Structure formats: C-alpha cells, structure tokens
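Structure, as structure tokens:
The values are calculated or read from the model by the stated rules, or taken from the named source; none is laboratory data. Model, not experiment: these values are computed from the prediction. So basically every Cβ, Gly included, is an ideal-geometry build from the backbone, and we count neighbours across all protein chains shown.
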Amino acid sequence: MKPICVLCFNDWPVYPQGKKNAGGEMATMHLARAFAAEGYTTVCIGNLPEGSCKIWGIEFIDVGPSYDLRKGLDVIRSRGCPYYLFCATLLQPAFEARHDPLCLARIMISHSPFVESTGFLPKTASLVPDYLVCVSYAQGQRIVDSGAEPSRVKVVRNGYDPEIYRYAPPEGRDYKQIVFAGQLSHEKGIVFLMEAYLNALQQRPDLKLSVYGKKTGLELDKQLDTLQANLPGFKYHGPASQEELAKAFSTAGLTVFASVTFETCGLVAMDAQASGCPVLAFNVGGVTEVVRHETTGYIMTEITSEELNRQIIRLTDRPEILRAYSANCEKYCREQTWRKTACDLAALAQTVLDRSADSAFIPIPQIEIKSLL
C-alpha cells in the first residue's frame, strides 16, 4: 500500500476552491491534486478560513490562524498509517514529524528566493528535513551558496495542469492582446508594465492589455477604474480563477511576466506557454529555465520600462514571431505536468527509505543570457 501524502501549507490563509491564493499556495494545491490523481491518499493541512473539507478526493484539515500543526498531524498519526510529509516553505511541519516513526520522509519544498524565510539558517533548513527541494536550478544554486548543505538540496520543477491549461494554436489569437497575471505589486512589475503600455499606446493605439490579480495598496490601484473608463483596450479583471486565466491565455498574443526581482520559477509563465501563449519576461532568477529565449518567448536583460516598451512594440508589430513562439510552446512546454512533479517527489521520498541513491546536488552550468541574444 502506498504511504499517505501529507502536504502542509505555510501559515497563510488558504481557500481550496477560491481565487485568493498566492502562487505558493496554488502550487501546493495543484501538487495535492496530482498526488491524488496518482492514487495516493492525500491530506492537506493548513490555515483554512472556510474550515476543514474534502474535495477532489483530498482531505483538508484546518489548524487555524494559530497554525496548530500538531493538531493536524495527530489526526494523521491516529490512523496508524505511514506517510510522506511535504511542507511548503516553512520548516515547522518537519520539526513536528522529526521523531515520528510513521513519517517515512520529510521533504521541504521552498517557493521562496531566500531560505531564511523559513525562520532558520540555510544550513539548518537543509538538515532538518530529509531533502530541501528547490523549483529551479537558479534557486538551488542560490540556496547552496547561502550555506545550505549541498547533499540535501534537490531540484524538482513545478508543473502545470493540462486539464485546465489546454494548448491553443497560433491561429485565432489576437496578437494585439497582452495579458498580465499576478499580484499588483512593485516586485511583480505591474508599475513597469503600465508605464510601458501607456507609452506604447501613444504609438500603437490598438494595443490591448488585460490585467488579472489582487491589488496590494499601490498608488496605481486608485487609477485602475479611471484607466479602464478612458482606455478602450485596457481591462482590470481583479483576482481570477485558473479557468479564467486559461481562457485569457488561449486567445491572447502575448503574456508579460514583468517581475523585476528574483523569481524561483514563474508559474504564470509556465501556464501561459502550456496554453500556447508566448511570454515576454525579464531575466530574473529561474524564469530563464521556464521561458526558452527566442523560441517560446523573449527574455529581456535590461530591466527597465523603456526596454519593456520597446519589446512590446517590436513583438506585437511582428505577429509572425509570436505565431512561431506559440507553435513552439506545444513542442517544448507541455511535458512538465503536476503529475510528473508529483511522481518526481514521490521518487525522491522513496530514496529516503533506501538511501542508495546519490543525493548530491549537481548545479547545471549557468548559461549567460547574452550568448542567446
């Protein structure tokens, strides 16, 4: 019998069926559904404002805003079944299960650029769990360089849901339509994008931009209604479901992944490309491992709104380039599903049991993006 897969969210509020979840919570949710699809009994533990529930064949256990993990893990222990523990970003679940004989493997999955977000030093964060999993080589190298134990660091990539993000071919796309999906924050680059878009409109008034995401208190938030009333091509949709984003990606000509600070992976870029929508992004962190430069999208080395403006105009003026990128998305961006991620993580957990596998972290050579331009 397969072990139970127990996934612990961090202490942020989680809404299993809602639109309010951040990227890390969505990744953990998709991973849980993938484990369930692979035939594992799957349990999620977290701060669930809407209470405990069972959906998609997954049991969700609420431990409240006090993050009473012992309460949740005691439910698992009471059943007497062996389990794999996967904790998202925070180390506390691994500490709680450290001496539990029923816990066969403790794996921490970091969605943060800095392992210090666990509340512990990098060395500690890598030695408490059996493995510290990163979602890109850029993130893994950064964490090893910060002092983590190399032999305990592994890279397992995030995935996408092929049932939600279905590939849509180049034909029928609107190559004047741009999509942004993410928090409306400085870090996610929405200010750069809006500046670039407004400047581009002066030269290309037929450009359209749809923005999906939660407001974060920027001064820009107050201007969105006015912009929407005065710019026929601009639309702010607010927080969106995965299905709404999939629909947007299936018809748009370009997704702008505008993050200006280190990104561990870039889930939006993965989902967009899996849907056949090319991505324009800055060279930040693990994004270059997701977006194939001048194949499925374009990577900008200069992180400015001026460069973003130039590339938006250049690419939307040449739809033949975007059509080629879109066609390449089907070839290169459909393999890494969440079920593959789940299988990779289950295989990693199995190595904890047999301890025969080589656990050394082997960094890949860092490709200078300049050589690709």
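Here are a few things to note about the model shown:
- Of the helices (runs of 4 or more DSSP H) entirely within region 165-268, those holding at least 2 residues that are at pLDDT 95 or above, surrounded by fewer than 17 Cβ atoms within 10 Å (Cβ to Cβ) and under 19 Å from the mean Cα position of the chain (by Cα) occupy 242-251.
- Thr301 being modelled with pLDDT of 95 or more, out of contact with any Phe, Trp or Tyr (no Cβ under 6 Å at 6 or more places or on another chain) and of a type in the set (S, T, N, Q): yes
- Selection count, region 272-323, where residues are in contact with an Asp or Glu (Cβ under 7 Å, 6 or more places away or on another chain) and not in a helix (DSSP H, G or I): 3
- Any hit, region 308-320, residues being buried (at least 20 other Cβ atoms within 10 Å of the Cβ), in contact with a Pro (Cβ under 9 Å, 6 or more places away or on another chain) and on the phi < 0 side of the Ramachandran plot: yes
- Leading residue by the ranking (nearest to Pro101 (Cα to Cα)) among those in region 115-136 that are hydrophobic (A, V, I, L, M, F, W, C) and in a helix (DSSP H, G or I): Leu127
- With respect to the conditions (1) farther than 26 Å from Lys154 by Cα; (2) in a loop (DSSP other than H, G, I, E, B); (3) in contact (Cβ under 8 Å) with a residue 24 or more places away in the chain, Gly80 falls short on a single one, namely (3).
- Qualifying residue in region 74-82 (condition: surrounded by 23 or more Cβ atoms within 10 Å (Cβ to Cβ) and within 18 Å of Asn10 (Cα to Cα)): no
- Residue check for Val43: assigned to a strand (DSSP E or B), touching an Asp or Glu at 6+ places or on another chain (Cβ under 7 Å) and either aliphatic (A, V, I, L, M) or modelled with pLDDT under 95 (or both): yes
- A single entry from Glu50, Glu38, Glu59 fulfils the requirement of being of a type in the set (D, E, K, R) and crowded, with 17+ Cβ neighbours inside 10 Å: Glu59.
- The residue that is surrounded by the most Cβ atoms within 10 Å (Cβ to Cβ), counting only those in region 137-153 that are in a loop (DSSP other than H, G, I, E, B) and small (Gly, Ala, Ser), is Ala148.
- Entry remark, region 154-164: residues being within 27 Å of Ser117 (Cα to Cα) and assigned to a loop (DSSP other than H, G, I, E, B) number 4 in total.
- Pairing each residue of region 330-342 that is more than 18 Å from His293 (Cβ to Cβ) with any residue that is of a type in the set (Val, Ile, Thr) and outside any helix (DSSP H, G or I), provided the two are 6+ apart or on different chains, yields C-beta distances under 7 Å for Thr341/Val156.
Residue by residue, here is whether (1) part of a strand (DSSP E or B); (2) modelled with pLDDT of 95 or more holds:
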residue	(1), (2)
Cys5	yes, yes
Cys8	yes, yes
Trp12	yes, no
Gly18	no, no
Glu25	no, no
Leu31	no, yes
Phe35	no, yes
Glu59	yes, yes
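- Among the residues of this structure, Thr226 counts as one that is without any contact (Cβ under 8 Å) to a residue 60 or more places away in the chain, in the same structural domain as Glu307 (by TED's automatic domain parsing) and at negative phi.
- Scope region 76-133; condition closer than 20 Å to Ala347 by Cβ and among the polar types (S, T, N, Q); matching residues: Ser110, Ser126
- Any hit, region 157-177, residues being touching a strand residue (DSSP E or B) at 6+ places or on another chain (Cβ under 6 Å) and aliphatic (A, V, I, L, M): no
- Search result, residues across region 117-136 that are basic (Lys, Arg) and either buried (at least 24 other Cβ atoms within 10 Å of the Cβ) or touching a helix residue (DSSP H, G or I) at 6+ places or on another chain (Cβ under 9 Å) (or both): none
- Test: residue in region 299-310 that is under 18 Å from Val191 (Cα atoms) and among the basic types (Lys, Arg): yes
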